[in-house]
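To keep things clear, I will list the structure first and then write my remarks on it.
No lab work stands behind these numbers, since they all come straight from the coordinates. What you see is a predicted model; the values in this text were computed from it and never measured. Neighbour counts are summed over all protein chains in view; Cβ atoms, including those assigned to glycine, are modelled from backbone coordinates with ideal geometry.
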Amino acid sequence: MCMTSVQAKKESNRIIDYLKDLKIDFKNNPLKFTFILPVVLFFVIFLVIPTSMVFISAFRTETGAFSLEFFKLILGSEKFIDWGGDTQSKWLSVKRIDKPAGSEKWIILNGKNYGVILNSVIIAVLTTIFSLIIGISLALFMAKRDFIGKKVVSLLILVPLIVPPFVGGVGFFTMLGETGIINEQFLVKIFGVRIILKGIVAMVFVESFHYYTLIYLNVYSSLINIDPSLEEQAKNLGAKGFRLLRTITLPLALPGIAAGSILTFILALEDLGTPIVFGANGDSIAKNTMTYYIFQNLELNNPNSINVIPGDSSVIGTILLLLAVIGFFMIRKYVAMRSYSMTGKGRAGDRQTPKASTTETVLFYIFYTMIFLLSILVHIGVIIRAFSVGPEFPPNWSMENFNFIFSSANDVKPFVINTMVYSLLSLLVIIVFGVMAAYAIARFDFKGKSVFDALITIPIALPGVVIGLGYLVMFSDSAVFDVFGAIGVNTNVKLTLDPFVYPVILLICSYAIRKFPFAVRSIFAGMQQTSVDLEEAAQNMGANRSMTLATITMPLISLNIVAGSLIAFVYTISEVSTTLVLISDQDAGTITWYMGNYAANKISIFAALGVLLMVMQIISLIFSNILLGNRSEAMTGI
Amino acid sequence: MSSILKTGLGKAMIAIVVIIVVIIAAIIIGGNFDDGSDVPELVIITRHDTTITSAFRLAFLKSSYGKAAGYSPEDINKIDFKQVTTLQGWLTGLGSDSLKVDLAWGGGPTLFNQMGDAGLLKPITDVELLDIANASVPKEIAGAEMYHYDKQNKLDWVANAISSFGFTINNDYLKEYGLAKPNTWEDLASPDYFVGTDINTISMGNPTETTSNTRIYQIILQKYGWEKGWEILSRMAANGGIYGGSVETRSAVIDKRVGVAMTIDFYGVFAQLECSTCEYIIPENGSIVNGDPIAFGIKSGNELGAKEFFKFVNSAEGQAVWLSQDRLPVNLQSFNTTSGKQRTDLKQLYDDTIANQGINFDESLSTATEFTMQNYFDAAIVDAHPELKAAWGKAVNDLKSETIDEATFNSTVSNLFKPQLTKDEAIANNGKLIADALTLSSQKNTWTSTAKSTYTAYTSANIYNYEKSNENTIRLIEHPQQLYEVNYFVTVCELSRND
């Protein structure tokens, strides 16, 4: 399939023309390139190449020879794909358990083991379905009815966002575990029944009550953007109730539903925290998920291998990446920057949201209270553990764990400080590159704009573990520069990307890359809502483009920058996957690293640190909510 | 700038400025920058957790040893602990010319032997240090060597703390399920500890995730022999569940989700402190003492600091810091210090540890089979756990319902849990499995599928009553029509052995 010489000539002419265009473009508008190139370079170095390295190591042996053996092995093995599921486990089983003190009825909800790859996909699909049911129901009522306490409910709905699944595990076992408070103190004592959630069911439960908020936020923002006249016309033509909902409202809200559900699917697929927590508690299905498999098999025992990661982990990483990217491209239409302007144009017309009837309100509150209680049980569990000593019930209330965290003898504070420093430094990177990227997309026309757009939004879809593994492969053994030492300042700060020597720079970059879309979206929204006329007016008065940016645009969008940054901050301080993969040095540890590696020795200390994380997140969320107001959909990046 | 201000930055821009100020303040508070004193840094690579390293750092800086090395109590940043958890990290760290690791401390004998083999430890030849070691560290404790020599017969590490291996029980749980208090590994392998396929009475760690549990399984394999050892491990796993790392294994017993958990002694002590009904047990004649090493790094750049830290951690004063961390010191003198006299509980544990008849543990055999053992356990026990439990459940139920007698039960179970490879094969394959990830993956696949089919064939073979004849064939007694299924089971078992 050789290219003919004519074709080759055509092709080279095309490239030369493109480069010529680029040169003219650059001469006419150097600022454009100053904005685009650094962002592209940053993403290529810290995203494209590292993830490609993982991809490459999936195709080579220990000596570097090309091989598809790992793929064959994994795709052909029941451990990874078992269509029938294991024969021993059941989705639901009811048993009578006889103990010397009396018998109990055990209701066990489990799920089968379908292999590492299928388990992850099934968990992600079921999580999406359940999150959709909860999220859409809440969003419909919140958007379509006015009722007493609506403002409070709108805040409470966001509560699940503030506990990372990683922390939630402790709360889950304290409250809903086999010997948790609900079972021991209520169900067994009163009804003689023990409800046990395990395997796929347990993970879908935990994830659904975390991710329904994403669906809610997306669907809600879609619903309130629907032009009310469309629904009114339908009503005038006789459609009402379910028919109106099915034929008009839901189809119009489809962008939000699609975006929210695929985002949920991707996040559930790449979730590492939940499988770690359940896997570590003896759940064999949780261990058989893609993220857990990669995490568990991270350490390569062969120091002479050309690959830093074992081949099978790379294959799983690649599969995870492909699934996430496919998901991403399915919603790209909705998440691409340019379509954001749709939500930025203001609310569609004035409308009066009808008041809910008493029956509706009562029914809603019954439904919502159930959802709310189930979603905050985990928080309550974490709080009980943090403020008490030992697993006894009623709890032995005490501040001992917090005294431990804040005592001078125990070295926990540096982790809190590290977390703040890394998160804030990564914010700085996000803000600088975010403003550049958002400005470039909002104000410039250039070739490859859609590729650029995809590049900066795709981190939403990329699993942290894969990025972490990529960094290990790419940056191990990079050069170390003791810049501060050279100027006579003694410090442990080294200018290197080698994660084993000084992982901080890599961590900051990984945080910045991973949370970039969350902030840049808010900044872009600001740009969209700021009229270009103001900037043009400044330019007519003689200001050049950079001056206009500094004096007109930046002040106008500053609110969006701060709000977007706070959102990124909420996610950064609780980042788990790249943190656990990259840090191997106590000095560089963050709160989540400490929790993952050592605080787990003492469960109550783990919970106390979890509460600390939650408080930091709540403060950031309150700030961003105040600053963003109704535009809270920007929180999800959609 | 003035024009920016004229446009009115607004509170949000001020917020950005505040963020940047906070960053700078945080870095300064973070203490990354030194106070400029000229004393060189002491770099220690370790697997000890941060509460231990913090306690030792403070105590060392306050001690005369810290002073002799030129440090003041404020020089906290001068003692730099590199908390590295991965093997890769240890090899990179100890070999790094820029890091210049002075000491390696904590991580178990196997890790230190690997570092020694890689030529990353500096032999201890200094006469003063040798004398200090001889005066404070016994040659052996309960049969375990506290000194390790390299191939040139030079001392490369010395034990600094000791630990035993056993299990922690939750008395409440055992009472609730009517289970007898266990004293040996065999007790845990008893059918009595099987309560149901959905109930785990024992929590075991996955050896690929925990070095202490790896040690425990090696002890069992050496005490009972390779075949019997695997049978005991499989029976224990079938009574219980696999709980990942050592921390999670221990959490399960504290939360009363299981009755027994595999633990190293200090996790047992932690458990006792967190849960009043928990108790650490050293299995009768079934444990060993481990010396947790300290050694000098080959690239060390701070000889004085390293020497003084070594002297400190071997002194009675330094050894007493272990007691504050609920750990057992190697130097008995530490119990005579002021703080040491208060820890009668640990003195009792120390005495019990020494009094317990340790097994004759072969360290080289343990290293030679370790990787294979960890991965075989992962493949044949962890990945086939539901099938394993179901097969064991069937055998136990048949025994309890007297469908089979005890002799048949024992021989059936021995057959079922017979390892798929011999000890010699494990030794022979160890290096290849480490060096070749592809072979490892495909070997593990084979082990898992063979184990699963063996267990499933047994569970699904609907045999009501059978006995094993002298010719090692299974003869049906009441249901000859099911001969086909039994033959299938035997065939699968035999195939799996030959695979």
TODO: Please state the charge dipole magnitude for segment B:279-366, taken about the Cα centre, from unit charges on C-beta atoms (+1 on K and R, -1 on D and E), reported in debye and rounded to the nearest 20.
DONE: 420 debye
Task: Estimated FRET transfer efficiency (B:THR367, A:PHE66; beta-carbon r; R0 51 Å; 0.05) - done: 0.90
Task: Vicinal HN-Hα couplings computed from phi for segment A:279-286 (Karplus, 6.51 cos²θ - 1.76 cosθ + 1.60; Hz; Gly/Pro x) - done: x, 6, 9, x, 8, 6, 6, 4
Open item on the list: Taking a virtual spin label 7 Å from the Cα of B:ILE427 along the C-beta vector, which residues in segment B:214-234 bring their backbone nitrogen under 18 Å of it?
Closed with: B:218-230
TODO: Mind checking which of B:ILE281, A:THR289, B:ALA69 is farthest towards the positive end of the protein assembly as shown's charge dipole, using Cβ charges of +1 (Lys, Arg) and -1 (Asp, Glu) about the Cα centre?
DONE: A:THR289
Open item on the list: Cross-link candidates for A:LYS23: which lysines have Cα within less than 24 Å, leaving aside residues fewer than 8 places away along the same chain?
Closed with: A:LYS9, A:LYS10, A:LYS32, A:LYS447, A:LYS449
TODO: Let me know the whole percent of all Cα-Cα pairs from chain A that are separated by more than 45 Å.
DONE: 23 percent
Open item on the list: Using a Förster radius of 30 Å, what is the FRET efficiency between A:LYS413 and A:PHE393 based on their Cβ-Cβ separation? Nearest 0.05, please.
Closed with: 0.45
- [ ] Check the straight Cα-Cα distances from A:LYS287 and name the lysines below 20 Å, setting aside those fewer than 8 residues away within the same chain.
- [x] A:LYS79, A:LYS90, A:LYS112, A:LYS198, B:LYS389, B:LYS444, B:LYS452
Task: DSSP beta bridge pairing in the protein assembly as shown, given as percent antiparallel to the nearest 5 - done: 70 percent
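Given the pairs B:LYS139/B:LYS307; B:LYS62/B:LYS307; B:LYS67/B:LYS311; B:LYS78/B:LYS122, which span a C-alpha to C-alpha distance of over 18 angstrom in this model?
B:LYS139/B:LYS307; B:LYS78/B:LYS122
DSSP beta bridges in chain A, what fraction antiparallel, as a percent rounded to 5? Write out the running numbers ahead of the final one.
Details: 12 of 18 bridges.
About 65 percent, rounded to the nearest 5.
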Open item on the list: As I understand it, the dipole of chain A uses +1 on the Cβ of Lys and Arg and -1 on the Cβ of Asp and Glu, about the Cα centre. Which of A:SER558, A:TYR216, A:PRO414 lies farthest toward its positive end?
Closed with: A:TYR216
- [ ] Collect residues whose amide H, placed 1.01 Å from N in the peptide plane, falls under 5 Å from the amide H of B:ILE162; neighbours closer than 5 in sequence don't count.
- [x] B:ASP292, B:LEU328, B:VAL330
- [ ] Mind giving me the FRET efficiency for A:SER478 and B:LYS400? R0 is 45 Å, r the Cβ-Cβ distance, nearest 0.05 is fine.
- [x] 0.15
Task: Whole-Å distance, taken between Cα centres, linking segment B:71-141 and segment A:444-461 - done: 49 Å
Open item on the list: Using Cβ contacts closer than 10 Å as the measure, can you line up A:ILE182, A:ILE603 from fewest to most?
Closed with: A:ILE182, A:ILE603
TODO: For B:ASP38, put the label point 7 Å out on the Cα→Cβ axis and report which residues of segment B:285-321 keep their amide N under 17 Å from it.
DONE: B:302-305
TODO: Excluding A:GLY610 itself, calculate the net charge of residues whose Cβ lies under 13 Å from the Cβ of A:GLY610, where each Lys or Arg counts +1 and each Asp or Glu counts -1.
DONE: +2
Open item on the list: How large are Rg and Dmax for segment A:488-563 when calculated on the C-alpha trace, in angstrom?
Closed with: 18.7, 54
- [ ] Once you have the Cα-Cα distance between A:ILE182 and A:THR369, take 0.36 nm times their residue separation minus that, and quote the gain in nm to one decimal.
- [x] 65.6 nm
Task: Length added when fully stretched, B:ILE76-B:SER460, from 0.36 nm per residue minus Cα-Cα - done: 131.9 nm
Open item on the list: What would the Debye equation give as log₁₀ I(q)/I(0) for segment A:17-73 at q = 0.15, 0.17, 0.31 Å⁻¹, counting only Cα atoms as equal point scatterers?
Closed with: -0.64, -0.69, -1.08
Open item on the list: Explain nothing, just the number: dipole magnitude of segment A:84-168 about its Cα centre with +1 on each Lys and Arg Cβ and -1 on each Asp and Glu Cβ, in debye rounded to the nearest 20.
Closed with: 240 debye
Task: Label point at B:ASP351 placed 7 Å out along Cα→Cβ; residues across segment B:158-172 whose backbone nitrogen lies under 11 Å - done: none
Task: Helix-only [θ]222 nm of chain A, DSSP H runs n ≥ 4, -39500 (n - 2.57) each, per residue, nearest 500 - done: -20000 deg cm²/dmol
Open item on the list: Need one number: convex hull volume per residue for the protein assembly as shown, Cα atoms only, in Å³.
Closed with: 215 Å³
- [ ] Please list B:96-104, B:352-360 highest first by mean number of surrounding beta-carbon atoms within 10 Å per residue.
- [x] B:96-104, B:352-360
Open item on the list: At a 10 Å Cβ-Cβ cut-off, how would you order B:ASP192, B:ASP424, fewest neighbours first?
Closed with: B:ASP424, B:ASP192
- [ ] Take the Cα atoms of segment A:527-585, build their convex hull, and give its volume per residue in Å³.
- [x] 115 Å³
- [ ] Under a cut-off of 17 Å between alpha-carbon atoms, report the aspartates and glutamates in cross-link reach of A:LYS27, not counting same-chain residues fewer than 8 places apart.
- [x] A:ASP17, A:ASP445
TODO: Could you list which residues have their amide H under 5 Å from that of A:ARG60, counting only those 5 or more apart in sequence or on another chain, with H placed in the peptide plane?
DONE: A:SER67
Task: Per-residue Cβ neighbour rank within 10 angstrom, fewest leading, A:PHE55, A:PHE415 - done: A:PHE55, A:PHE415
Task: Shape category assigned to segment B:140-261 from the gyration tensor of Cα positions, a/c cut at 1.5 - done: prolate
Open item on the list: Quick query: amide H of B:VAL289 versus all other amide H atoms, modeled in the peptide plane; which residues come in under 5 Å with a sequence gap of 5 or more or a different chain?
Closed with: B:ALA144
TODO: Please report the relative contact order for chain A, taking Cα pairs under 8 Å with a sequence separation of at least 6, and give it as a percent rounded to a whole number.
DONE: 18 percent
TODO: Mind putting a number on the dipole of the protein assembly as shown about its Cα centre? Charges go on the C-beta only, +1 for Lys and Arg and -1 for Asp and Glu, and I need it in Debye to the nearest 20.
DONE: 4500 debye
